[in-house]
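*Asks:* Okay, here's the structure, questions in a sec.
The values are calculated or read from the model by the stated rules, or taken from the named source; none is laboratory data. What you are looking at is a predicted structure, and each value in this text was computed from that prediction instead of being measured. A quick note on method: Cβ atoms are made from the backbone with ideal geometry, for glycine too, and the neighbour counts reach across all protein chains shown. Just the protein is used for accessible areas: all its heavy atoms, side chains included, with ligands, DNA and RNA removed. Shrake-Rupley method; radii C 1.70, N 1.55, O 1.52, S 1.80 Å.
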2 protein chains.
Amino acid sequence: MSEKQLRRSLAVLPMSTVIALTDLTARQIRYYETQELVHPKRNDGNRRRYSLNDVDRLLEIKDGLASGMDFATMRKLTAKKEAVAEKKKVSDTHARRVLEAEMQQLAGMRPAHPSLRQHL
Amino acid sequence: MSEKQLRRSLAVLPMSTVIALTDLTARQIRYYETQELVHPKRNDGNRRRYSLNDVDRLLEIKDGLASGMDFATMRKLTAKKEAVAEKKKVSDTHARRVLEAEMQQLAGMRPAHPSLRQHL
DNA sequence: CGATTCATGTCAGAAGTTCTTACATGTAAG
DNA sequence: CTTACATGTAAGAACTTCTGACATGAATCG
């Protein structure tokens, strides 16, 4: 996984932030989860934590609903997207190895850690 | 400001996430704020919200402390970095205008929105 | 040495946020 | 009209964060 993709898939955002970024209500966001359209992580205290990818998906859901699509259809679209992403991931093995080697170098070159900038 | 910079400067992360990303304690993070080394935003309920840039800075502070630097010195370094960023920002007026238009779109101003993917 | 400063730990009480569950409701479909 | 869907709302519990205060080990200073 590229650093960029890693950054986008980190589950770091609380509900309130997601509400602010999507203009959806908490009720809607949780309902879409029961419909298997998003899968936020949980922290130790059982609070949901969303990634930027999740926010993205929520915006797509919002669009889909606005244009009359139903949840079953969107579930399929989402599944397809994830399949494509998975394929890409597999075919990216080489690039990933190179990148991971570079990251290890960065992590090991200094006694203290490199700035997050290079990774997130 | 590029979209990337915008993404990095969005104040979206709660304290618990910052603790997880930096391995600092809440006490340390708040103390560095009293030392004017980070300036998180606040949400409506007065809770701190950090950006990725803030997380970055906190990691730099951690490095600095580990290598014996004092807060006064780090404040100066930070100030210099911000000055450089500001200069860049000013020269980026056009890109900024375009981006701000996109942000307004994201904020829900219009009927059809682009995926967040393109912006964050 | 004793006093002071620094960076951090810890605790307490208040306030904000999120969780789950349950019931309510408007609209579209049958 | 009845059902299903998508969302609103409320309540109580639990989690998280806030500020302020006091404690402490290490370093520095007089």
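*Asks:* Name, by its number, the condition in (1) more than 12 Å from DNA strand C (Cβ to nearest atom); (2) farther than 20 Å from B:Arg7 by Cα; (3) open to solvent by less than 30 Å² (accessible area, probe 1.4 Å) that does not hold for A:Ile29.
*Replies:* Checking A:Ile29 against (1) more than 12 Å from DNA strand C (Cβ to nearest atom); (2) farther than 20 Å from B:Arg7 by Cα; (3) open to solvent by less than 30 Å² (accessible area, probe 1.4 Å), the one that fails is (1).
*Asks:* Considering only segment A:62-80, I want to know if a residue exists there that is at pLDDT 95 or above and either more than 29 Å from B:Asp44 (Cα to Cα) or more than 8 Å from every other protein chain (Cβ to nearest Cβ) (or both).
*Replies:* no
*Asks:* Tally up the residues in segment A:19-39 that are hydroxyl-bearing (Ser, Thr, Tyr) and either within 7 Å of DNA strand D (Cβ to nearest atom) or in contact with a strand residue (DSSP E or B) (Cβ under 6 Å, 6 or more places away or on another chain) (or both), please. Before the answer, list the steps.
*Replies:* From segment A:19-39, those hydroxyl-bearing (Ser, Thr, Tyr) are A:22, A:25, A:31-32, A:34; that's our starting set.
Those left that are additionally either within 7 Å of DNA strand D (Cβ to nearest atom) or in contact with a strand residue (DSSP E or B) (Cβ under 6 Å, 6 or more places away or on another chain) (or both): A:25, A:31-32.
Of the residues in segment A:19-39, 3 are hydroxyl-bearing (Ser, Thr, Tyr) and either within 7 Å of DNA strand D (Cβ to nearest atom) or in contact with a strand residue (DSSP E or B) (Cβ under 6 Å, 6 or more places away or on another chain) (or both).
*Asks:* Looking at segment A:19-41 only, could you name the residues that are in contact (Cβ under 8 Å) with a residue 40 or more places away in the chain and touching a Leu at 6+ places or on another chain (Cβ under 7 Å)? Outline the logic, then answer.
*Replies:* Residues of segment A:19-41 that are in contact (Cβ under 8 Å) with a residue 40 or more places away in the chain, as a first pass: A:22, A:35, A:37.
Listed by number, the list holds a single entry, A:Thr22.
*Asks:* Checking the condition near DNA strand C (Cβ under 10 Å from one of its atoms), touching a strand residue (DSSP E or B) at 6+ places or on another chain (Cβ under 9 Å) and open to solvent by 30 Å² or more (accessible area, probe 1.4 Å), which residue from B:Arg47, B:Arg42 passes? Show your work before the answer.
*Replies:* Details: B:Arg47 fails: touching a strand residue (DSSP E or B) at 6+ places or on another chain (Cβ under 9 Å).
Residue meeting the stated conditions: B:Arg42.
*Asks:* Now for a separate question. Pairs, please: C-beta under 6 Å, at least 6 apart or cross-chain, first residue within 11 Å of A:Val38 (Cβ to Cβ) and in segment A:56-74, second open to solvent by 50 Å² or more (accessible area, probe 1.4 Å) and not small (Gly, Ala, Ser)?
*Replies:* From residues that are within 11 Å of A:Val38 (Cβ to Cβ), the pairs are A:Asp56/B:Arg117.
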